[in-house]
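Presented below is the structure to which this report refers.
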Amino acid sequence: MQPAIPTGALLDRVRADLGRPDASTQQLRSALAEVVPAAEELLAQVAALQGQLAQARTCPVTGLPTRSAWTVQAQAVLEAGPAAVLLVDLDAFKPVNDRFGHAAGDAVLAAVGVRLAEWAVAEGATAGRLGGDEFAVAVPDAPGLAARVTRLRTLLTAPVAHRDLSLSVGASIGTARTAGLDDPGLSAALARADAEMYQAKGRGRRGRRLARIMPLRTSALLTRALTPRKAA
């Protein structure tokens, strides 16, 4: 229920009453008695809006941050020092939906979300769902990155129990390091990781091979690498 009178007008009136040097104790109590319900209502509205904002920033299926929320967190990881951006795309996910239904697909996505989040916490990374069956990770760069990415892929491709089914999907992972680059920004890192991910898909059935872990190119080389070649 909204306050009986507009909040701005109420506060103006109460402020005037409290500022009167001749205001009696009863008048001051009466003014405060009007303010408290309005303040409580406003606080309830703020809490509701915060809850809605939190829901908008979190994927309801995977529990991971959405693209916009992850982008903010990933920027912080990249700004903190040398980092790597991982782009993960699930392989053979559509057949799971087509054959067993969306509930089975959601079970796979939920399991992937849990596993990805646990891996990210252990690595000091941040993970998010970009949409569909595509996920992204920003992780501080450190020795042994390739082995850690291999471990991530093993986690993500482990079978998922759903009712009486054991569901399995593949995962193609593209990785782009940002250290020592002319353009270490998030957009460039995602573009390079995306290119590496598609190369991984082409090298192994169901993404059985990992993309090479390569640094980003300079802006010019990156643009050339991502521009489709025209047929001769």
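What follows is calculated from the coordinates using simple rules that are stated; it is not laboratory data. The structure presented is a predicted model; accordingly, all values stated were derived computationally and were not measured. With ideal geometry, Cβ positions are generated from the backbone for all residues, glycine too; neighbour counts draw on all protein chains shown.
Some observations on this one:
- Counted by Cβ distance under 13 Å from residue 132, the other residues give a net charge of -2, where Lys and Arg count +1 and Asp and Glu count -1.
- With neighbours defined as other Cβ atoms within 10 Å of a residue's Cβ, the residues 14, 121, 61 order from fewest to most as 121, 61, 14.
- Cβ-based exposure ranking for 163, 67, in which fewest neighbours within 10 Å come first: 163, 67
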